[in-house]
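Working notes, structure below.
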Amino acid sequence: SRDATVVARGGNISLDRVSVENQGGGRVLAADGTTINVSGSSFAAGPTTGDSIVVDLSGGSQGSIKDSLIHPSSGLRSIALSVSGSKLQIQKSELLAGSSTRQSIALFAQNAELTVTGSKLVGSALSHLSFGVQAQGSKLQIDASTIEATGSVGATGIWADNSTVGLSTSKVIGSATSEFLYLLKLTDSHAVVSSDILIGAGTGDYLGVSLT
């Protein structure tokens, strides 16, 4: 695996109005057990032949990302922001899934607790499979945000497995794919949806909300 451009283990890190790029396509910011505060910043990864995670938070990290942009380029699989075993607030930010050929994810959460407010999470029409949000064993609250589900073969706005999801005053917008489109897909999960707009599109297998 490639080394990250910025690595933090423990302690605190604050990034204000900075632009960081890993032209080799690897991780841009990796924080393990760290308190992070990011504002007005941009994180970008260049193309790679492998997998790419632009911002990777793990090990009990916590903090906030505000008014920032996170975007991978292309590869086999790409994730703009990955949060594992950590707590994070995301405010007025934009996460782009990237144009990786196999799979792209704007926001990935595993055993995490996330609050997303006034933000935009965008899939990729160039990826075989694309997700705005993919959550496993996590708690998510999404308010006043826009999630765009778009992919070449299949797309999912929010996919939650064994998770709790709150969705309020937000939009989930789907674009046509060749096979399937799910705006909200829940597996062994609980969701509270309030004052939201769900917009689908023509595709072979379309489900606004899937519960399994």
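The values are calculated or read from the model by the stated rules, or taken from the named source; none is laboratory data. As the structure is a computational prediction, the values presented were derived from the model and not from experiment. Counting neighbours? That spans all protein chains shown, and the Cβs are built from the backbone with ideal geometry, glycine included. Just so you know, the surface numbers come from the protein's heavy atoms only, side chains and all, with ligands and any DNA or RNA stripped out. Shrake-Rupley method; radii C 1.70, N 1.55, O 1.52, S 1.80 Å.
Couple of notes before you dig in:
- Candidate set from region 117-128 (those that are open to solvent by 50 Å² or more (accessible area, probe 1.4 Å) and not small (G, A, S)); member that is nearest to P47 (Cα to Cα): L126
- Residue within region 66-89 that is assigned to a loop (DSSP other than H, G, I, E, B), within 22 Å of T164 (Cα to Cα) and open to solvent by 50 Å² or more (accessible area, probe 1.4 Å) present: no
- Residue check, R77 of a type outside the set (S, T, Y) and more than 15 Å from the chain's Cα centre (by Cα): no
- The set of residues in region 99-116 that are surrounded by fewer than 18 Cβ atoms within 10 Å (Cβ to Cβ) and either among the charged types (D, E, K, R) or outside any loop (DSSP other than H, G, I, E, B) (or both) comprises R102, Q110, E113, T115.
- Selection count, region 20-54, where residues are farther than 16 Å from K92 by Cβ and either assigned to a strand (DSSP E or B) or open to solvent by less than 10 Å² (accessible area, probe 1.4 Å) (or both): 20
- Every pair of residues 6+ apart whose Cβ atoms lie under 6 Å, when the first sits in region 183-208 and is closer than 13 Å to G157 by Cβ while the second is in a loop (DSSP other than H, G, I, E, B) and modelled with pLDDT of 90 or more: D196/S170
- Strands (runs of 3 or more DSSP E) contained in region 131-212 and holding at least 2 residues modelled with pLDDT of 90 or more and not small (G, A, S): 139-143, 146-149, 154-161, 164-168, 171-174, 180-187, 190-194
- Some residue of region 173-184 being more than 18 Å from the chain's Cα centre (by Cα), farther than 19 Å from I90 by Cβ and crowded, with 22+ Cβ neighbours inside 10 Å: yes
- Residue under evaluation S104, criteria (1) out of contact with any strand residue (DSSP E or B) (no Cβ under 7 Å at 6 or more places or on another chain); (2) closer than 18 Å to L69 by Cβ, criterion not met: (1)
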